[in-house]
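For reference, the structure discussed in these notes is given below.
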Amino acid sequence: MHCQHVADMPARDPRKERQMFARIQALVVALVLILASSALAAPKAPLETLSVQGLQKLVQAHRGKPVVVNFFATWCPPCKAEIPMLVEMTNKYKGKVNFVGLTVDNDGTVAKVLPYVAQMKINYPVYRAGSDVVQAFSIRSIPFNVGYGKNGKVAWAFSGFLDEAAFEEMVRELLK
């Protein structure tokens, strides 16, 4: 083995070096963006699960104001169609009616709930429904909505998607 003389080394090509540097820089930026986006998509805190007792406490904490509880799931197309209406009603009835979301997503899909809440711009609190809550209301299909009157008692409960006018009429009934 012998050392190569500097004069025998191939000449450096600054243009190729800049191109290589630009490629490496682009890869580093792409990697940083991928890592940052996955960190943003990850839930910042676990989704709180509400039992029947927890739901009762929540409703009682708002006694004097009606509460509308919406059972939904991230994989449910009618739920996805209903949520914008609930977001709008939350704005319209702010300070008069409290809206709450209870997801029935299972362990396999519950990690999608918080990103879904952000995507759908849900502006009301969202919890995970405990299995006892689902059983208490005998929920067999979603969306499922429950309206509590000012007295904290269930005024109505129904399964399925309602159009905005019908849903709003039911919300107005809670205000009487």
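You can think of it this way: the chain between Trp75 and Asp107 has 10.2 nm of extra reach, that is 0.36 nm per residue less the Cα-Cα gap. Taking packing as the residue-averaged number of other Cβ atoms within 10 angstrom, the listed peptides 163-170, 104-111 run from highest to lowest as 104-111, 163-170.
Solvent-accessible area of Arg15, all protein chains in place: 140 Å² (probe radius 1.4 Å, heavy atoms, ligands and nucleic acids excluded). For Thr49, the residues whose modelled amide H falls within less than 5 Å of its own, excluding neighbours fewer than 5 places apart on the same chain, are Arg128. Sorting the segments 147-153, 90-96, 126-132 by their mean number of nearby beta carbons within 10 angstrom, highest to lowest, gives 126-132, 147-153, 90-96. As a calculated quantity, the FRET efficiency between Leu175 and Lys121 at R0 = 22 Å, using C-beta atoms, amounts to about 0.35. Rounded to the nearest 0.05, what FRET efficiency do Lys153 and Glu88 have when you use their Cβ-Cβ distance and R0 = 22 Å? For Lys153 and Glu88, the calculated efficiency is 0.25. Output the pairs from Lys94/Lys150; Lys112/Lys153; Lys121/Lys176 with a Cα-Cα distance over 24 Å in this structure; if there are none, say none. Going by Cα-Cα distance, Lys112/Lys153; Lys121/Lys176 fall outside the 24 Å limit.
The values are calculated or read from the model by the stated rules, or taken from the named source; none is laboratory data. Predicted model only: the values in this text are computed from it and were never measured. In this analysis, Cβ positions are derived from the backbone assuming ideal geometry, glycine residues included, and neighbour counts consider all displayed protein chains. For accessibility, only protein heavy atoms count, side chains too; no ligands or nucleic acids. Shrake-Rupley method; radii C 1.70, N 1.55, O 1.52, S 1.80 Å.
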